1. Which angle between 0 and 90 degrees, to the nearest 10, do you get for helix 28-40 versus the longest principal axis of the chain when only C-alpha atoms count?
2. Just check the range 96-153 against the gyration tensor rule for me: Cα atoms, a ≥ b ≥ c as the square roots of the eigenvalues, rounded for a/c under 1.5, and otherwise prolate or oblate depending on whether a/b exceeds b/c.
3. What base-10 log of the normalised intensity I(q)/I(0) is obtained for the range 126-177 from the Debye formula, alpha carbons as equal point scatterers, at q = 0.15 Å⁻¹?
4. With +1 assigned to the C-beta of every Lys and Arg and -1 to the C-beta of every Asp and Glu, and no other charges, what is the dipole magnitude of the range 15-84 about the Cα centre in debye, to the nearest 20?
5. Return the distance in nm (one decimal) between the two label points of a simple spin-label model at residue 168 and residue 14, each offset 7 Å from Cα along Cα→Cβ.
6. Work out, in µm²/s and without decimals, the Stokes-Einstein translational diffusion coefficient of the range 1-49 at 37 °C, 0.692 mPa s, Rh from Kirkwood over C-alpha pairs.
7. So what are the three principal axis dimensions of the range 62-144 from its Cα atoms, in whole Å, longest to shortest?
8. Ignoring ligands, DNA and RNA, what accessible area per residue does the chain give at 1.4 Å, in Å²?
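The values are calculated or read from the model by the stated rules, or taken from the named source; none is laboratory data. Predicted model only: the values in this text are computed from it and were never measured. Backbone-built Cβ (ideal geometry, glycine too); neighbour counts: all protein chains shown. Heads up: the accessible areas ignore ligands, DNA and RNA and are worked out on the full protein's heavy atoms, side chains in. Shrake-Rupley method; radii C 1.70, N 1.55, O 1.52, S 1.80 Å.
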Amino acid sequence: MLIDGRLAATDEAAGFAWFNRAAAQGHLMGLNMVGRCYDLGCGVGVDKARAAECYRIAAEQGLDCAMYNYATLLALGQGVAEDKAAALDWFQKAARIGAGLIRAKAMNFVGSFHEDGWVVARDITKAARLYARAAAGGDFRGCFNHARMLGDKGRTEEALSWIERAGATATAAFVEKAAAFLDASPVPAFRARGRAAIARGAARC
């Protein structure tokens with residue numbers, strides 16, 4: 001509430017301090033959120049290495065969102081040496097044991113490994129299946145990636161529906177990047193109607 005400025009004046013430093021108090025008492029989500037603060041610079045300076053360490057400790061004790069966060073830093077090489085094999089292991093574990101949106105987000109990332117051929121053999125069919133599951137689970141990146149796969153198969157009306165769903169929960173930065181991608185897409189319907197679809201979704205936020 002303090003970091004988001006909900007029901008109280010925004011005070012990121014105080015929010016960070018409370019997360020630290022929770023983490024000091026062994027609260028795994030508290031530790032994960034200390035990591036998020038270091039990761040994003042909320043109430044403290046950005047320190048990707050400290051963020052990664054917080055995520056790693058919480059992940060090793062079984063917290064699904066920490067697994068996802070740690071895997072993301074490993075995949076990007078932020079705060080730790082890039083290690084896509086280890087990242088994939090953590091994403092797969094989060095997808096297997098995680099709940100709700102974390103599970104969906106992890107599945108989407110695993111899908112990207114298969115689409116791009118990172119660590120594993122490139123497998124578009126498996127990537128598409130994982131994106132579909134991530135989309136069904138509510139991950140906006142999964143919705144968009146699922147739409148891309150549908151567009152490649154000529155199922156454009158269905159794809160545009162998923163693009164709109166992506167916009168409904170996506171960040172503003174993602175909406176902007178997605179719109180630029182759609183404008184340059186080889187799929188005619190995406191160029192003509194994709195930007196409007198994601199904007200409709202964003203307008204519902």
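1. 70
2. Oblate shape, in that a/c is at least 1.5 and b/c is the bigger or equal ratio.
3. Here log10 of I(q) over I(0) equals -0.33.
4. Here the size comes out at about 160 debye.
5. 3.5
6. This corresponds to a translational diffusion coefficient of 311 µm²/s.
7. Between the extreme Cα coordinates on each principal axis of the range 62-144 lie 31, 28, 19 Å.
8. Accessible area per residue, the chain: 50 Å².
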